[in-house]
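To start, the structure under review is shown below, and the notes come after it.
The values are calculated or read from the model by the stated rules, or taken from the named source; none is laboratory data. Being a predicted model, the structure only gives us computed values, none of them experimental. When we count neighbours, we look across all protein chains shown, and the Cβ atoms used for this are built from the backbone with ideal geometry, even at glycine.
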Amino acid sequence: MISADHLLNFYIDGRWVAPEAGVSRHEIINPATGEVSGIVAYGTDADVHSAVHAAARAFPKYAAWPQAQRTELLRSVCAEYERRLHDMAEAITAEMGAPLETLSKPLQAQTGLWHFQTALEIASNFDFDRLRGTTRILREPVGVCALITPWNWPVNQIACKLAPALAVGCSVVLKPSQNAPYSAALMAEILHDAGVPAGVFNMVQGSGAAFGELLASHPQVDMVSLTGSNAAGASVTKAAADSVKRVSLELGGKSANIILPTADLQQAVTHGVTTMMHNSGQTCVAPSRMLVPHDKLQEVEAIAKRVCESLVVGDPLAADTFMGPIANARQYKRVVEMIEVGVAEGAYLVTGGAAKPAGYERGYFVQPTVFSRVSNQMTIAREEIFGPVLAILPYGTVDEAIDIANDSPYGLSGYVYGATADEAQDIARRLRTGMVHLNGANVDMAAPWGGYKQSGNGREWGAWGFEEFLETKAVLGAVVV
């Protein structure tokens, strides 16, 4: 497990150092019990400056490494990460409540390893230097990168930024979520033991509100990559504007799940409900709006109710738990309030509600909740709830369903379920989203991840993730003809 000392220190310039301005200690709450599980130190501006300066000093030498050397470093990181995989799963469960056996081990912790493995594969074949006529096109690291990450998929969001940044030759400063310090500290241990050079990776724990703008406006930071709320994205973008630095954002979502009239209803609704409730609904691409034919609404409601009532909600350490608690007190309050708003606005409560599940009065537990007969103008259809709350919206025609799906300020992801992949794909082409999942398709680690509209800008994952951390240089006259 993680060293307790490392939670009271920051990883800067290749070593664990104490906060410069004294220790500001904050309790980490186990969301399953409401009890303190650990103490973490928060930094100040001075610690951020130290981390950025270390990254700036390390960048020139690391950027000059041969690509083969950086590729070998990624291989070493993969090996060390795999050795600590069980520790990572336990850390994630402790900090944000993901069920250990059904989510943290098989997916939450694994995604971090998969991102590094994907980066390793891409780095081995990426074209960093090519000729186009008489001009040489060089792809070069953007520089010092500030990575600001959330708590819901904590190591996934760190790794999908960190792996490509390291692969292409950037140095980084990580500011993880203050609600997910364990996995971030463990990541620092993994990178240290894997041999990442001093200053190439740095981490400071603390408040996102305090550090986001500082990192985005820092003159030695060349690029900011943030996953978080729309408010955080706007704040960072404004702070970065004066220095005209690159900003990559992955923000909110309110994904529509269009179930076509031809779909196998039992299969489609079951998949839609379980995907929505996975990770307690705390997933940016969760299919939170289920669009179904009006004449099948009652049948859909009955299936959704049965599925929700079959899900095991409870102790994240129990082997059969499907859904653990909401990750923190602030988010728990938000989810409960939004359920109450749904009731107040007249949506039909199919199952669930604001009360905690029976037997789980402690901790931040919420029942899997389904509303139906929802209008797309209701609050629960417009705003991202980020909890296990599904809204079912009826439609008359498929064209109407597409209009409803696109009538959102968000455009992160979408889902279509039909009789065939071809039929679903025809609908996918008409959705204004960065991703579309057809007929229950899983994620593809090498596919681009990102959204349209207020869901952000830029793309992560796979080769597209590399592009975010690269500049393009044209060397004209490289070949004399």
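For this structure, a couple of remarks:
- Yes/no for Val443 being closer than 21 Å to Glu250 by Cβ and at pLDDT below 95: yes
- Single match in Ser235, Ser225 (criterion: in the same structural domain as Ala56 (by TED's automatic domain parsing), touching an Asp or Glu at 6+ places or on another chain (Cβ under 9 Å) and without any contact (Cβ under 8 Å) to a residue 60 or more places away in the chain): Ser235
- Taking first residues from segment 119-134 that are free of Cβ contacts under 8 Å to residues at least 24 places away in the same chain and partners that are of a type in the set (Lys, Arg), the Cβ contacts under 9 Å between residues at least 6 apart in sequence or on separate chains come to Asp127/Arg139; Asp129/Arg136; Asp129/Arg139; Arg130/Arg136; Arg130/Arg139.
- Residue in segment 2-9 that is assigned to a strand (DSSP E or B) and buried (at least 20 other Cβ atoms within 10 Å of the Cβ) present: no
- Among the residues of segment 244-261, those that are within 26 Å of Thr420 (Cβ to Cβ) and among the aliphatic types (A, V, I, L, M) comprise Ala256, Ile258, Ile259, Leu260.
- Residues of segment 116-143 that turn out to be assigned to a strand (DSSP E or B) and surrounded by fewer than 21 Cβ atoms within 10 Å (Cβ to Cβ), as a count: 10
- Put simply, of Ala146, Ala167 the only residue that is of a type outside the set (Ser, Thr, Tyr), in a strand (DSSP E or B) and out of contact with any Phe, Trp or Tyr (no Cβ under 6 Å at 6 or more places or on another chain) is Ala146.
- Any hit, segment 49-66, residues being part of a helix (DSSP H, G or I), under 30 Å from Pro357 (Cα atoms) and in contact (Cβ under 8 Å) with a residue 60 or more places away in the chain: no
- Of the residues Val200, Val273, the single one that is farther than 30 Å from Gly418 by Cβ, more than 19 Å from the chain's Cα centre (by Cα) and buried (at least 24 other Cβ atoms within 10 Å of the Cβ) is Val200.
- Evaluation of Ser104 against the conditions (1) part of a helix (DSSP H, G or I); (2) touching a strand residue (DSSP E or B) at 6+ places or on another chain (Cβ under 6 Å) shows that the sole unmet condition is (2).
- Pick from segment 304-346, criterion among the β-branched types (Val, Ile, Thr), within 28 Å of Pro181 (Cβ to Cβ) and assigned to a helix (DSSP H, G or I), ranking: farthest from the chain's Cα centre (by Cα): Val336
- Scanning segment 27-48 for residues that are part of a strand (DSSP E or B), of a type outside the set (S, T, N, Q) and either surrounded by fewer than 18 Cβ atoms within 10 Å (Cβ to Cβ) or in contact with a His (Cβ under 9 Å, 6 or more places away or on another chain) (or both) yields Glu27, Val36, Ile39, Val40, Ala41, Tyr42.
- Single residue of Pro141, Pro164, Pro176, Pro197 found to be within 18 Å of Pro31 (Cβ to Cβ) and outside the structural domain of Asn279 (by TED's automatic domain parsing): Pro176
- Selection status of Ala188, modelled with pLDDT under 95, within 25 Å of Asp5 (Cα to Cα) and assigned by TED's automatic domain parsing to the domain that holds Leu470: no
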